[in-house]
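Scroll down for the structure; my scribbles are underneath it.
The values are calculated or read from the model by the stated rules, or taken from the named source; none is laboratory data. Since the model is a prediction, treat every value here as computed from it, not as a measurement. Every residue, glycine as well, gets a Cβ built from its backbone with ideal geometry; the counts of neighbours run over all protein chains shown.
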Amino acid sequence: MMAPTMLDDSNYDLDPKIFLGTIGTGRRIVTVLKNQTIFTQGEAADSVFYIQKGRVRLTIVSKFGKEAILGILSQEEFFGDGALAGQPLRMGSAIAITNCRLLRIEKPAMMLALHRGRALSRLFVAYLMARNARYYKGFVDLLFDSCEKRLARVLLLLAHYGEEGTPEEVIPRVSQRTLADMASTTPARVSYFMNRFTKSNFLAYGKSGMQIHSSLLNVVLHN
């Protein structure tokens, strides 16, 4: 774990890399172990989280008790930002998929930082726009794509194909139940298509996780 550096926030220019990489007034490093809950639905929404390392699953439970997965986030992504939109309570839960190092930013500190730091504000707004576009695209895919395509797209998104930076060829194992929720299908269908992907050498299982090959893109691009 990196040694956090205290900053005098009254005299610093809110460089995003510094602000999101260190501790200071209203923000602290939180270490969360795999499968631990970061916050639960219904808790007070009083902070925003930034992932410095690890993966986080966001879920929501309906009033009838049915759970749905909103997304799986990784390094350099925010969550819990509903607090900034006036939500008094958490609308969903956040759980660590892997060991995580998070920056917890209290709501007043984040609001002040966005007000004072143009670069941070631009970065945060760009992130929200990209996330909303991803959610919209996911909704369209749900309406028109086959189950096989949806599952392939989920796996590629988990490996960050199509995003900036280098894709991750190996990702942590995700349960078939989780993949089924993300692809809006059943575990049985996930099992069927995962076996097909494995036989086609689109993915492989190893000790460190699932290896996703770029050839899986053929499933998404194939009409």
Practice item. Just give me the residues in the stretch 46-76 being within 16 Å of the chain's Cα centre (by Cα) and either of a type in the set (Lys, Arg) or within 15 Å of ILE29 (Cα to Cα) (or both), in sequence order. Key: VAL48, PHE49, TYR50, ILE51, GLN52, LYS53, GLY54, ARG55, ARG57, GLN75, GLU76
Review point. Only one of these conditions is not met by ILE72: (1) modelled with pLDDT of 90 or more; (2) under 25 Å from GLN176 (Cβ atoms); (3) β-branched (Val, Ile, Thr). Which number is it?
Key: (1)
Check your understanding: Looking at ARG90, ARG104, which is the one that is closer than 26 Å to HIS160 by Cα, surrounded by 13 or more Cβ atoms within 10 Å (Cβ to Cβ) and basic (Lys, Arg)?
Key -> ARG104
Check your understanding: Can you find a residue in the stretch 29-52 that is in contact with a Pro (Cβ under 6 Å, 6 or more places away or on another chain) and surrounded by fewer than 17 Cβ atoms within 10 Å (Cβ to Cβ)?
Key -> yes
Review point. Taking the stretch 198-219 as the region of interest, how many residues are among the basic types (Lys, Arg) and assigned to a loop (DSSP other than H, G, I, E, B)?
Key: 1
Practice item. Return the residue satisfying two criteria in turn: it lies in the stretch 8-17 and is of a type outside the set (D, E, K, R) and at pLDDT below 90, and of such residues it is nearest to the chain's Cα centre (by Cα). Key: LEU14
Check your understanding: Given the structure, is THR5 modelled with pLDDT under 90 and outside any loop (DSSP other than H, G, I, E, B)?
Key -> no
Practice item. Those residues that are surrounded by fewer than 18 Cβ atoms within 10 Å (Cβ to Cβ) and either touching a residue at least 40 places away in the same chain (Cβ under 8 Å) or touching a strand residue (DSSP E or B) at 6+ places or on another chain (Cβ under 6 Å) (or both), I need them from the stretch 60-69; list them, please. Key: ILE60, VAL61, GLU67, ALA68
